[in-house]
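Working notes, beginning with the structure itself.
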Amino acid sequence: MSKKTGPRGQKRAAGRTAVGVALALALAACSSGDGDGSGRSLAASATTVSTRAVLVPETTSSSTTSTTEEPTTTSTKPAPAVSAAIPSVKALQEKLAELGYDVGTPDGKWGARTTYSLMAFQKVEGLSVDGQDGPQTQGALATASPPGPMVPGGAATRIEIDVARQVLFHWVNGSLARILPVSTGNNEHYCVDGECSVAVTPGGSFRIGRKAAGLEVAPLGELWWPMYFNGGIAIHGSPSVPAYPASHGCIRIPMYAAPTFYDQVGAGTRVHVLNSPEAEAPPDQGKPVPGAVAPPDTTSTTAPAPAPTTTTVVPDPTTTTTTTFPIIIPTLPPTTTITP
């Protein structure tokens with residue numbers, strides 16, 4: 001038995017028909033790539049949706065449909081205003097190299113060498129030593145110039161070690177060749193094999209004496225490529241070169257610098273240790289260790305936080321029977337939710 005349809009039922013049916021037509025038109029517009037009527041692609045429209053629309057996905061299924069969407073594209077380039085305030089790593093390395101700091105060949109990659117060089121710069125300039133290029137460090141770099149000699153009129157080729165600032169300067173033929181961060185004696189009492197002393201790096205003027213390639217082991221620890229200049233006090237590589245005095249009296253330098261520094265510094269080179277009290281140096285008791293393998297540097301190599309990024313995501317290519325289309329709906333208040 002059929003039921004008559006009155007005027008009210010006819011209005012309801014007409015309303016449902018209008019909604020269906022509107023939804024079909026919306027789907028057709030999105031899938032055609034001209035969703036805003038201007039000829040722009042769907043991907044182009046999606047990139048600006050945050051300023052004018054909200055994306056709400058709708059899923060339709062078809063047993064025979066195979067659809068290929070545009071591949072996912074990701075943009076990680078910071079906004080121009082942000083990137084302009086952040087110098088590139090390579091530009092930072094080039095500036096440090098220009099000032100005499102040992103960054104090696106600038107390559108745009110942040111590693112232990114860049115961190116140590118930035119630490120040395122911060123020490124020389126009297127900044128907080130954290131190995132990162134924060135605003136204070138960037139400001140100092142912008143106006144910095146190569147440091148002058150601590151021993152005016154000294155030998156053309158010499159080493160200057162500033163215990164107060166924990167930094168080493170290597171001068172070759174009157175020119176500043178290398179600046180390295182160091183860690184010297186921590187001035188604490190220690191005892192080894194029943195003998196006690198104070199961890200002091202004695203001040204004074206000395207010359208490089210015995211050198212040993214590779215590893216030597218002494219009662220107070222391991223010394224990589226040591227160059228002795230005052231009894232058992234040596235300049236040597238270490239996997240631990242903190243920003244503060246931490247040794248038993250030797251001058252620690254980063255591991256990456258130790259082999260080349262060993263080759264560049266000849267026996268008899270003058271060594272000036274400044275801003276440290278004079279003290280008696282322990283005897284040289286180093287013993288070589290054949291075939292030793294040098295450990296890597298262990299100082300943090302954390303780079304500054306990257307600038308904010310903008311990411312645009314378009315569905316991955318698919319050959320499944322399910323196709324997803326975004327529907328662009330005008331922006332609504334945050335508390336309003338619409339479900340198509």
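Those residues that are of a type in the set (Asp, Glu) and assigned to a helix (DSSP H, G or I), I need them from region 95-133; list them, please.
Taking region 95-133 as the starting set, the residues that turn out to be of a type in the set (Asp, Glu) are 98, 102, 107, 125, 130, 133.
Matches in region 95-133: 98, 125.
Taking the criterion of being at pLDDT below 95 and under 24 Å from residue 147 (Cα atoms), would at least one residue in region 63-80 satisfy it?
We begin by selecting, within region 63-80, every residue at pLDDT below 95; these are 63-80.
Subset that is under 24 Å from residue 147 (Cα atoms): none.
So far as region 63-80 goes, no, none of its residues is at pLDDT below 95 and under 24 Å from residue 147 (Cα atoms).
Among residues of region 131-154 that are closer than 24 Å to residue 88 by Cα, those with a Cβ under 7 angstrom from a residue that is of a type in the set (Lys, Arg), sequence gap 6+ or separate chain, pair up as 141/95.
Screening residue 153 against (1) within 19 Å of residue 171 (Cα to Cα); (2) surrounded by 20 or more Cβ atoms within 10 Å (Cβ to Cβ); (3) out of contact with any Asp or Glu (no Cβ under 8 Å at 6 or more places or on another chain) leaves a single unmet condition, (2). The residues of region 202-221 that are assigned to a strand (DSSP E or B) and either in contact with a helix residue (DSSP H, G or I) (Cβ under 8 Å, 6 or more places away or on another chain) or without any contact (Cβ under 8 Å) to a residue 24 or more places away in the chain (or both) amount to a single one, 211.
The residues of region 247-287 that are crowded, with 16+ Cβ neighbours inside 10 Å, part of a loop (DSSP other than H, G, I, E, B) and charged (D, E, K, R) amount to a single one, 284.
The values are calculated or read from the model by the stated rules, or taken from the named source; none is laboratory data. Model, not experiment: these values are computed from the prediction. As a convention, Cβ positions derive from the backbone with ideal geometry for all residues, glycine included, and neighbour counts pool all protein chains shown.
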